[in-house]
1. Tally the residues that are farther than 20 Å from residue 87 by Cβ and surrounded by fewer than 15 Cβ atoms within 10 Å (Cβ to Cβ), restricting the search to region 41-62.
2. Within region 79-100, work out how many residues are assigned to a loop (DSSP other than H, G, I, E, B) and under 17 Å from residue 115 (Cβ atoms).
3. Given (1) part of a helix (DSSP H, G or I); (2) modelled with pLDDT of 90 or more, identify the lone condition not met by residue 34.
4. So residue 27 passes all but one of these: (1) more than 14 Å from the chain's Cα centre (by Cα); (2) crowded, with 16+ Cβ neighbours inside 10 Å; (3) closer than 20 Å to residue 114 by Cα. Which condition number does it fail?
């Protein structure tokens, strides 16, 4: 049976993702002084992609920034493309293909994997 082997490989991939995530968290703690959760990391990426750093963002703007982050991250895998930037500087994306059907843990890992790729590319 190859099911146990598949589970083992899957667990190794999961462990590698978790270790890489912890390494990123440690770098962000050094930079910002506290450990960010995934939503905070998405917010930071959204601000970076939006390019306009403000003292305060409204709750709606924070949600929009997290959406910008997710679209920007998933654009690398061909799920979205930048369609336009509006007059206020906000990017708008078009979905190119359906996202995979994943459970909550798989969704989080899918996003984390893209976040890690984003930071790896940013440091090249």
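1. Step one: of region 41-62, the residues farther than 20 Å from residue 87 by Cβ are 41-45, 48, 55-56, 59, 62.
Retained after the next criterion (residues that are surrounded by fewer than 15 Cβ atoms within 10 Å (Cβ to Cβ)): 55-56, 59.
Going through region 41-62 one residue at a time, the tally reaches 3.
2. Filtering region 79-100 down to residues assigned to a loop (DSSP other than H, G, I, E, B) leaves 79, 86-90, 96-100.
Of the ones still in play, those that are also under 17 Å from residue 115 (Cβ atoms) are 79, 99-100.
Here the count works out to 3.
3. Going through the list (1) part of a helix (DSSP H, G or I); (2) modelled with pLDDT of 90 or more, residue 34 breaks only (1).
4. Status for residue 27: all satisfied but (2).
The values are calculated or read from the model by the stated rules, or taken from the named source; none is laboratory data. It should be emphasised that the depicted structure is a prediction, and the values quoted were computed from it without experimental measurement. Glycine gets a Cβ as well: all are built from the backbone with ideal geometry, and neighbour counts include every protein chain shown.
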